[in-house]
Amino acid sequence: LRQFGIEVFGFVRAVGPATANIDVTPANFRDLLKARDASEVYCPDPAADAAMKSFINDQKMNKDTAGGIVEAHVFGCPIGIGSCMTWDGRLDSRIAAAVVAIQAFKGVEFGLGFEAARRPGSKVHDEIAFDPSQKNLPSLGFIRGSNNAGGLEGGMTNGMPIVVRGAMKPISTLGKPLKSIDLNTKQSSEAGWERSDISAISAAGVVMENVIAFEVARALLEKFAGDSMLEVKANYENYLNTARKLPLS
């Protein structure tokens, strides 16, 4: 992806009630990346990092477990990756399937996500403008004052960063086992305790970042297919150059 100027940045947004209070932009994500890599919980916000670790430690003392929310941003995608023609060709459906396929993930949202259902359309949809100075970028100069759509509209990229969040449930086996059923006797029984870690959210952050990168790369290769990277890049550049000449006579 980096050969096409596309970057994927993932991090842990929340663990329990502890939430990172940061805005991720194309200008600051590389600095945030350094802070994220220095964090034990994969979070680039130092204050939230401390709160997350404290919450995880509290769950350990309580013989409980912790889940969280992972967030990923994809920068530099050209307009039109994905498809509006088929349900399985939509890039949002493919990313959503990849995210909820990660073990213990129970939810996924793009951009404003579930909050969009609570607002009127005038507070949800992103107004479009054109900036000639950005015409040579993969967005072709089309800009939006907000990114509530999370970079995806009609199953395709719209030139804005892709923004995805995934919700990971707490680990199921607890130090204080919950009630279950013995399959042989059908009598009440305590669940087993197969693992001792309290949270796997930081590892899940790495996984989600990579499954999203894979789906974006897959869609990119489908659109700009070729037998070599040289050919794929030539097809990519030709697509952008043609799009900049619209409308064609």
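Over the range 153-249, what portion of Cα pair distances is larger than 19 Å, expressed as a whole percent?
Numbers: 3130 of 4656 pairs.
Tail of P(r) above 19 Å: 67 percent of Cα pairs.
May I ask for the Kirkwood hydrodynamic radius of the range 139-203, worked out over all distinct Cα pairs and given in angstroms to one decimal? Numbers along the way, then the final one.
Details: mean 1/r = 0.0613 Å⁻¹.
With all distinct Cα pairs of the range 139-203 included, I get 16.3 Å.
Starting from the Cα coordinates of the chain, work out the convex hull volume and express it per residue in Å³. List each step's numbers first, then the result.
On the way: hull volume 44.6 nm³, N = 249.
Once divided by residue count, the hull of the chain is 179 Å³.
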Loop only per DSSP, at most 13 neighbouring Cβ atoms within 10 Å: give me the GluC sites (Glu not before Pro) in the range 102-180, ordered by residue number.
-> GLU127
The long-range amide H neighbours of VAL108, using H built 1.01 Å from N in the peptide plane and a cut-off of under 5 Å, are ALA167
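Under 8 Å for C-alpha pairs, at least 6 residues apart: give me the relative contact order for the range 150-249, rounded to a whole percent. Present the calculation step by step, with values, prior to reporting the outcome.
Values: 60 pairs, mean separation 13.3, N = 100.
Relative contact order comes out at 13 percent.
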What percent does the relative contact order of the chain come to when contacts are Cα pairs within less than 8 Å and at least six residues apart?
-> 24
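If r is the Cβ-Cβ distance from THR242 to ASP64 and R0 is 45 Å, what FRET efficiency results, to the nearest 0.05? Don't skip to the answer; put the middle values down first.
Details: r = 56 Å, r/R0 = 1.25.
The formula returns an efficiency of 0.20 here.
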Label points 7 Å out from Cα along the Cβ direction at ALA225 and SER180: separation in nm?
-> 4.6
Nearby lysines by direct alpha-carbon distance to LYS63 (threshold 23 angstrom, same-chain neighbours under 8 apart not counted) = LYS53, LYS106, LYS169, LYS176, LYS179
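Which value in Å does the Kirkwood hydrodynamic radius of the range 84-228 take, with 1/r averaged over all unlike C-alpha pairs and then inverted? It would help to have the intermediate numbers written out before the result.
Working: mean 1/r = 0.0542 Å⁻¹.
Final number for the Kirkwood radius of the range 84-228 is 18.4 Å.
Just the number, please: Stokes-Einstein D of the range 109-174 in µm²/s, Kirkwood Rh from C-alpha pairs, 25 °C, 0.890 mPa s.
The diffusion coefficient I find is 181 µm²/s.
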Nearest-10 value in Å² for the accessible area of THR185, using the 1.4 Å probe = 80
Within the range 97-126: backbone nitrogen closer than 16 Å to the ASP197 label point (7 Å, Cα to C-beta) = 102-105
Within the range 56-118, trypsin sites (Lys or Arg not before Pro) in DSSP loop having at most 14 other beta-carbon neighbours inside 10 Å | LYS63
In nm, the gap between the two label points placed 7 Å beyond Cα toward Cβ at TRP87 and LYS34 is 4.7
Exposure of ASP227 as accessible area (Å², to 10), given a probe of 1.4 Å and all protein chains | 150
Residue-averaged 222 nm ellipticity for the chain, from DSSP H runs of 4+ at -39500 (n - 2.57), nearest 500 | -9500 deg cm²/dmol
Alpha carbon convex hull of the range 178-228, volume per residue in cubic angstrom = 170
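Would you kindly calculate the translational diffusion coefficient of the range 67-157, applying Stokes-Einstein with the Kirkwood radius from alpha carbon pairs, for 20 °C and a viscosity of 1.002 mPa s, and quote it in µm² s⁻¹ without decimals? Kindly include the intermediate steps, with their values, before the conclusion.
Numbers: Rh = 14.6 Å.
Approximately 147 µm²/s, per Stokes-Einstein.
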Picking from ALA20, ASN235, ALA167, whose Cα lies most toward the positive end of the charge dipole for the chain (charges on Cβ: Lys, Arg +1; Asp, Glu -1)?
-> ALA167
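Calculate the dipole size of the chain relative to its Cα centre from +1 charges on Lys and Arg beta carbons and -1 charges on Asp and Glu beta carbons; express the result in debye to the nearest 20.
Working: 27 positive and 28 negative charges, 61 e Å.
That gives a dipole near 300 debye.
The values are calculated or read from the model by the stated rules, or taken from the named source; none is laboratory data. These numbers come from a predicted model, not from an experiment. FYI the Cβ positions are ideal-geometry reconstructions off the backbone, even for glycines, and counts take in every protein chain you see. For the accessible areas, the whole protein counts, side chains as well, though only heavy atoms, and no ligand, DNA or RNA atoms are used. Shrake-Rupley method; radii C 1.70, N 1.55, O 1.52, S 1.80 Å.
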